[in-house]
Amino acid sequence: MAEKRSSIGILAAGGPAPGINSAIQAASAKARSNGFRVVGFVGGFDHILSGNPRHHALTERELEGVHLLGGCILQTSRANLLDTLGAPDMNKIGRAIEVFTRGGISGLITIGGEDTAFSAHLIAKYSEGRINVVHLPKTIDNDLPLPEGVPTFGFTSAVEFATREVVSFMQDAHATNRWYIVVIMGRTAGHLALHTM
């Protein structure tokens with residue numbers, strides 16, 4: 001009888017940001033090269049918490065060239081393991097851990113911002129060593145508490161894109177002798193707006 005390989009799960013949660021597919025591809029390749037089976041969970045925590053997890057093996061063939069694509073091949077959602085007040089929701093945490101352990105997931109890679117990072121921490125804490133967790137910080141807001149000068153992935157690409165757009169607006173404004181107002185998102189942080197231009 002063949003020995004069952006340990007599985008590593010990967011999911012992305014929160015808002016979209018450039019580089020998610022590259023992160024999925026690189027993490028999957030590294031895990032496979034170390035002998036792990038890699039499982040992608042579709043829709044972040046959303047389907048996991050609904051009791052109908054959607055997942056499939058991430059093969060080298062499936063991931064070929066995905067770094068050239070925008071969006072997220074696994075899809076993302078804002079679902080997390082917190083209640084409406086932002087406190088840990090033990091029912092959600094238990095449900096997620098049950099889905100992962102039932103699926104043979106011994107390691108989990110989460111890709112997302114602060115809510116996803118906290119959800120990843122909760123899985124690591126309450127699974128009591130059954131699930132090892134690695135979190136990849138992703139946010140175009142650049143509002144995660146990382147070492148100074150270390151941007152989250154997605155931020156630099158978002159700044160480059162926003163700068164190109166603002167330059168285009170400036171050229172149009174000059175050509176038409178009009179004013180344009182550009183609003184750049186940032187949730188509770190203004191790093192994206194500050195670094196654009």
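Modelled label positions at ASP172 and HIS56, each set 7 Å beyond Cα in the direction of Cβ, lie 3.8 nm from each other. To put it simply, the accessible area of the chain at a 1.4 Å probe is 55 percent carbon and sulfur. What aspartates and glutamates could a cross-link reach from LYS138, if we take a straight Cα to Cα line under 14 Å and drop same-chain neighbours fewer than 8 places away? Those aspartates and glutamates meeting the cut-off are GLU114, ASP115.
On the beta carbon distance between PHE118 and GLU160, with R0 = 30 Å, the FRET formula returns roughly 0.60.
Taking 0.36 nm per residue of separation and subtracting the Cα-Cα distance, full extension of the segment from ALA29 to ARG130 would add 34.1 nm. In the chain, taking the dipole from charged Cβ atoms about the Cα centre, the farthest positive-side position among ALA17, TYR126, PHE161 is held by TYR126. The alpha carbon gyration tensor of the range 1-126 gives principal lengths a ≥ b ≥ c with a/c of 1.5 or higher and a/b no greater than b/c, which makes the shape oblate.
Between LEU82 and ALA193, the distance separating the two model label sites (each 7 Å from Cα on the Cα→Cβ line) works out to 2.2 nm. Charge tally for SER157 (other residues, Cβ to Cβ under 15 Å; Lys, Arg +1; Asp, Glu -1): -1. Electrostatic tally near ASN80: other residues with Cβ closer than 9 Å to its Cβ, Lys and Arg +1, Asp and Glu -1, net 0. In degrees from 0 to 90, rounded to the nearest 10, what is the angle of the helix 90-102 Cα long axis to the longest principal axis of the chain? Between helix and principal axis, roughly 60 degrees.
Give me the net charge for the shell around ALA12: Cβ to Cβ below 14 angstrom, other residues only, Lys and Arg +1, Asp and Glu -1.
So the environment of ALA12 carries a net charge of +1.
Kindly express, to the nearest 10 degrees and within the range 0 to 90, the angle between helix 20-33's C-alpha long axis and the longest C-alpha principal axis of the chain. Value to nearest ten degrees: 30.
Per residue, the solvent-accessible area of the range 58-197 (1.4 Å probe, heavy atoms of protein chains only, all protein chains present) comes to 62 Å². Remark: the range 160-175, residue by residue, has Karplus-estimated 3J(HN,Hα) of 4, 5, 4, 5, 4, 5, 5, 4, 4, 4, 4, 5, 5, 4, 5, 5 Hz, where x stands for each Gly or Pro and the curve is 6.51 cos²θ - 1.76 cosθ + 1.60 at θ = phi - 60°.
The values are calculated or read from the model by the stated rules, or taken from the named source; none is laboratory data. Predicted, not measured: the structure shown is a model, and the values here were computed from it. No Cβ is skipped: glycine too gets one built from the backbone with ideal geometry, and neighbour counts run over all protein chains shown. The area values use the complete protein model at the heavy-atom level, side chains included, leaving out ligands, DNA and RNA. Shrake-Rupley method; radii C 1.70, N 1.55, O 1.52, S 1.80 Å.
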